[in-house]
Ligand code: UDP
């Protein structure tokens, strides 16, 4: 890392939910941060408070095109991608492009700048898993031609490309497989379970549980995820590492939990299960515990409270829930 000046990090997708939290964390750690985003799913509102910081720079850019950054770079965190099922259904080609071409461009830049590179990969690499919980050595069960395939396969390709840059060019690469994460700055209307349930609960509308609600997920609070990513970047581990909270629950129980927390009297209504919706998902985090000394700290109750406070704040500013 450069010594004379602050270390510099490029964060692609930096105006998104996870990217904006990473920008904040890297600034707090003394980095100069260059945030790139084409704003198709990212939002300037997520990073507005950072513009006053002289070490924060924003560039509106599509990272699937040539990326140029003036000066040295110590770290590149590639977080650009639509990331909720309704977003990648709306932007299927962009999702494939940012996972493939965008990852290639970001890796090329890492190679040129001799920067460390961290890929935001995903539990979607495991698809509808036949092994439970999912550890990093499981190769997954993905339908390449289903509607979710655009995201899952783009991320699988991105992992392969990242390993190729490591093996062929010697780039210092890291791969984080991110499991379901929630917290402030999720878009209220991004269609994922948590924003959907919270907005429905707040407005007293029926909570839309897909299928019979017996499918499971394991939800991690964003601050825990960011801590795991920060530690992984600074570790020596090249192969993929799961970061997520192993606290698994059914989606029906999750909906009930949100209802309880908000004191809502919404009804639960059952809707059709989306195609290829994984039936179970839970990270095996033994590797992250061993290598990074990391494990999640924020309880679901605490994380949900903080998220609810954020959503209520945005509502008070007049933002629409739908
Ligand atoms: N889900 C639901 N109701 C909603 C939104 C999502 O029951 O309004 C379900 C979805 O079918 C999945 C789980 O909640 O089984 C998590 O969905 P999400 O879109 O948050 O993330 P995924 O893990 O599927 O990428």
Cβ-Cβ FRET estimate between residue 279 and residue 139, R0 fixed at 25 Å, reported to 0.05: 0.90
Cα-based radius of gyration of the chain once divided by 2.2 N^0.38 Å, which approximates compact folds: 0.96
Global form of segment 225-322, assessed from the alpha-carbon gyration tensor, a/c cut-off 1.5: prolate
DSSP bridge pairs, the chain: antiparallel proportion in percent, nearest 5: 10
Fraction of antiparallel bridges per DSSP, segment 176-308 only, in percent to nearest 5: 25
Rounded D (µm²/s) - segment 156-309, Kirkwood Rh over Cα pairs, Stokes-Einstein at 25 °C, 0.890 mPa s: 145
Rounded D (µm²/s) - segment 110-160, Kirkwood Rh over Cα pairs, Stokes-Einstein at 10 °C, 1.306 mPa s: 131
Residue with peak Gaussian network fluctuation, the chain [Cα springs, cutoff 10 Å], from 15, 52, 288: 52
GNM result for the chain, Cα springs below 10 Å: residue of 33, 131, 226 fluctuating most strongly: 131
Reference-scaled alpha-carbon Rg (2.2 N^0.38 Å with N residues) for segment 1-153: 1.09
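Percent antiparallel among DSSP beta bridges with both residues in segment 1-72, to the nearest 5?
On the way: 0 of 10 bridges.
Close to 0 percent.
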C-alpha long axis of helix 103-113 to longest principal axis of the chain, angle in °: 30
Residue with peak Gaussian network fluctuation, the chain [Cα springs, cutoff 10 Å], from 54, 195, 184: 54
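Any idea what the relative contact order of the chain is, in percent, if you count C-alpha pairs under 8 Å spaced at least 6 apart? Working shown, then result.
On the way: 648 pairs, mean separation 53.1, N = 322.
In percent, rounded to a whole number, it is 16.
Over 22 Å apart: what share of the alpha carbon pairs of segment 130-208 falls there, rounded to a whole percent?
Details: 1522 of 3081 pairs.
Cα-Cα pairs of segment 130-208 separated by over 22 Å account for 49 percent.
Every number here is computed from the coordinates shown, using simple stated rules; none is lab data. From a predicted model like this one, the values you see are computed outputs, not experimental measurements. Neighbour counts are summed over all protein chains in view; Cβ atoms, including those assigned to glycine, are modelled from backbone coordinates with ideal geometry.
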